[in-house]
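The values are calculated or read from the model by the stated rules, or taken from the named source; none is laboratory data. Keep in mind that this is a model prediction, so the values were computed, not measured. With ideal geometry, Cβ positions are generated from the backbone for all residues, glycine too; neighbour counts draw on all protein chains shown. These accessible areas exclude ligands, DNA and RNA; they are computed on the full protein's heavy atoms, side chains included. Shrake-Rupley method; radii C 1.70, N 1.55, O 1.52, S 1.80 Å.
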Amino acid sequence: MSSRLNKRLEGISKCAAGGHRVKDLFKTLVNVPELWDAAYVAIGSNDGATTKGSDDITADGHSRERNLEIMTQLKNNSYIPTPVRRVYIPKSNGKLRPLGLPNFKDKLVQAACKILLEAIYEPVFSTFSYGFRPRKGCHDALKTVYKTWTGIKWFIEFDFSAFIDSEILFTITGYFVSRRFISNWVHISKNRPLRSCPFVIAGSSNRCCGTQL
């Protein structure tokens, strides 16, 4: 990661840690090529980097010129994510879990956004939050439970239904990111395909399929 990008991410983290709302995220996304280099490094060597989505675009043959092309498309609002490829994987109970596979171009956009969002939220996340965080995982959570949660006899597990399209999401993210930035990137529509949204991809028959950030 370049010193220029490190400096910018450190500034974003410092701003968020101070309780301030971070500004100019989209400008960083479309004007800092080093961010896209870092995004490629983050996902280019993954096992799924050469897995095809709904087209033939993979990590093979990727270049900085392609990064600049994506940045330009985002800047002029012409970037259109491709539909994800739907596959089903078996679950332990014999049922099938649906899985959406985006192409590499969309994965790269998501990875670039993830770098920015992690710079904002990592400094303020609870130390007891382990899900989908860098250098943390379920085994770390289990170790904490084993060491500190003595005498516990029962647990409560819960899930939020339709969380991503609720006001709760805007309220939580809005502390550090402007509502306009989030609404531009996370948008669900039942009546028309999605256009400028790398996190939620339009499927067929007006059905939407989202990918995890």
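Please give the net charge around Arg8, taking every other residue with its beta carbon less than 12 angstrom from that of Arg8, where Lys and Arg add +1 and Asp and Glu add -1.
On the way: positive: Arg4, Lys7, Lys14, Lys27; negative: Glu10, Asp24, Glu34.
Around Arg8, the charge tally is +1.
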Computed P(r) (all Cα pairs; the range 113-156; 10 Å bins; percent): 23, 46, 23, 9, 0
Most to least packed among 113-120, 134-141 [average Cβ atoms within 10 Å]: 113-120, 134-141
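Exceeding 19 Å between C-alpha atoms, which entries from my cross-link table qualify? They are Lys95/Lys143; Lys7/Lys105; Lys27/Lys75; Lys7/Lys27. Show your work: numbers first, answer last.
Details: Lys95/Lys143 30 Å; Lys7/Lys105 26 Å; Lys27/Lys75 8 Å; Lys7/Lys27 15 Å.
In this structure, Lys95/Lys143; Lys7/Lys105 lie more than 19 Å apart at Cα.
Leaving ligands, DNA and RNA out of it, report the carbon-plus-sulfur percent of the accessible area of the range 48-155 at a 1.4 Å probe. Could you put the intermediate results ahead of the total?
On the way: 4090 of 7050 Å².
The computed percentage sits at 58.
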Please list, ordered by chain and number, the residues whose modelled amide H lies under 5 Å from the amide H of Val22; skip anything fewer than 5 residues away on the same chain. Val177
Rounded to the nearest 10 Å², what accessible area does Asp159 show when all protein chains are kept and the probe is 1.4 Å? 140
Kirkwood-Stokes translational diffusion coefficient of the range 77-147, alpha-carbon pairs, 37 °C, 0.692 mPa s, µm²/s: 213
Taking one equal scatterer on every alpha-carbon of the range 32-89, how large is log10 of I(q)/I(0) by Debye at q = 0.14, 0.28, 0.30 1/Å? -0.46, -1.29, -1.30
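Taking the Cα centre of the range 1-134 as origin and charging only Cβ (+1 Lys, Arg; -1 Asp, Glu), how large is the dipole, in debye to the nearest 20?
On the way: 20 positive and 13 negative charges, 90 e Å.
Dipole about the Cα centre, nearest 20: 440 debye.
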Suppose the Debye formula is applied to equal point scatterers at every Cα of the range 7-64; what is log10 I(q)/I(0) at q = 0.16, 0.21, 0.26 Å⁻¹? -0.67, -0.87, -1.04
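Which number comes out as Rg/Rh for the range 1-157 once both Rg and the Kirkwood Rh are worked out on C-alpha atoms? Display every interim value, and only then the final one.
Details: Rg = 19.0 Å, Rh = 18.3 Å.
With Rh from the inverse mean 1/r over Cα pairs, Rg/Rh is 1.04.
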